[in-house]
Amino acid sequence: MPRIISGRAKGLQLKSLKGEHTRPSADRTKEALFSIIQERIPASYCLDLFAGSGQIGLEALSRGAAQVVFCEQNSQAFRVLQANLALTSFEDQARLYRKDARTLVSQLCRLGEKFDFIYLDPPWSQAESLLSALAPHLPLILADQGLLVLEQDRKQSIHLPVIEGLTQSKACHYGRAMLLFYKLT
């Protein structure tokens, strides 16, 4: 059961979707991620793509992010995300989109939106094709000193696309998950 680790909503148990449609990030992975990026979060503008239950974006809000844009296409997961937002009382600091991540990222590019922190946790089985489609747009929505983090299955041999304009700065393994950190070139 996912939970908020730190901040205003610390200890709150979040709802999660039953079944195989989503795969919540493990607490260990989430703790490590926020340990690394904690200085970046206060007053930041964040994007949680493939949000699932919303636990990464909600953790960012609990730790002081100004706003999080959540994107989740699956209707059942979207309802869980809405319930978790109500549970945490962060609705005023969130924008929810129930649409395909490629469509939303393209829309955000057209609007000229920039994010200090972007978290991508696509379905691991579709990660390669989704990242290829998103790659041209990601540098355009990342703020100058922003950070993009991709969670992927470290056992899966994914051929990550070269993301023109982004440089991988770090990679960390936590159980089955691998976090890849990217900055603007």
Log entry, pairs with first residue in the range 1-27 being farther than 24 Å from residue 41 by Cα, second being surrounded by fewer than 16 Cβ atoms within 10 Å (Cβ to Cβ) and at pLDDT 75 or above, beta carbons closer than 7 Å, six or more apart or on different chains, reads 17/76; 21/76
Given the conditions (1) modelled with pLDDT of 95 or more; (2) under 23 Å from residue 174 (Cβ atoms), every one holds for residue 17 apart from (1)
Quick count over the range 33-59, residues being under 21 Å from residue 107 (Cβ atoms) and out of contact with any Leu (no Cβ under 9 Å at 6 or more places or on another chain), is 2
Scanning the range 73-112 for residues that are within 16 Å of the chain's Cα centre (by Cα) and among the charged types (D, E, K, R) gives 95, 98, 99, 100, 102
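Each row is one residue, and each column tells you yes or no for (1) open to solvent by 10 Å² or more (accessible area, probe 1.4 Å); (2) touching a residue at least 60 places away in the same chain (Cβ under 8 Å).
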| position | (1), (2) |
| --- | --- |
| 146 | no, no |
| 151 | no, yes |
| 155 | yes, no |
| 164 | yes, no |
| 179 | no, yes |
Residues of the range 69-96 being in contact with a strand residue (DSSP E or B) (Cβ under 7 Å, 6 or more places away or on another chain), over 20 Å from residue 26 (Cα atoms) and of a type outside the set (S, T, N, Q), in sequence order, are 69, 94, 95, 96
Listed by first then second residue, the pairs whose first member lies in the range 95-111 and is closer than 15 Å to residue 73 by Cα, whose partner is polar (S, T, N, Q) and loosely packed, with under 15 Cβ neighbours inside 10 Å, with beta carbons under 8 Å and at least 6 positions apart or on separate chains, are 98/75
Note on residue 121: of the conditions (1) surrounded by fewer than 17 Cβ atoms within 10 Å (Cβ to Cβ); (2) in contact (Cβ under 8 Å) with a residue 60 or more places away in the chain, unmet is (1)
Of the candidates 62, 44, the one satisfying the condition of being out of contact with any helix residue (DSSP H, G or I) (no Cβ under 6 Å at 6 or more places or on another chain) and touching a residue at least 60 places away in the same chain (Cβ under 8 Å) is 44
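The values are calculated or read from the model by the stated rules, or taken from the named source; none is laboratory data. The structure presented is a predicted model; accordingly, all values stated were derived computationally and were not measured. No Cβ is skipped: glycine too gets one built from the backbone with ideal geometry, and neighbour counts run over all protein chains shown. Side chains included, ligands, DNA and RNA excluded: accessible areas come from the protein's heavy atoms. Shrake-Rupley method; radii C 1.70, N 1.55, O 1.52, S 1.80 Å.
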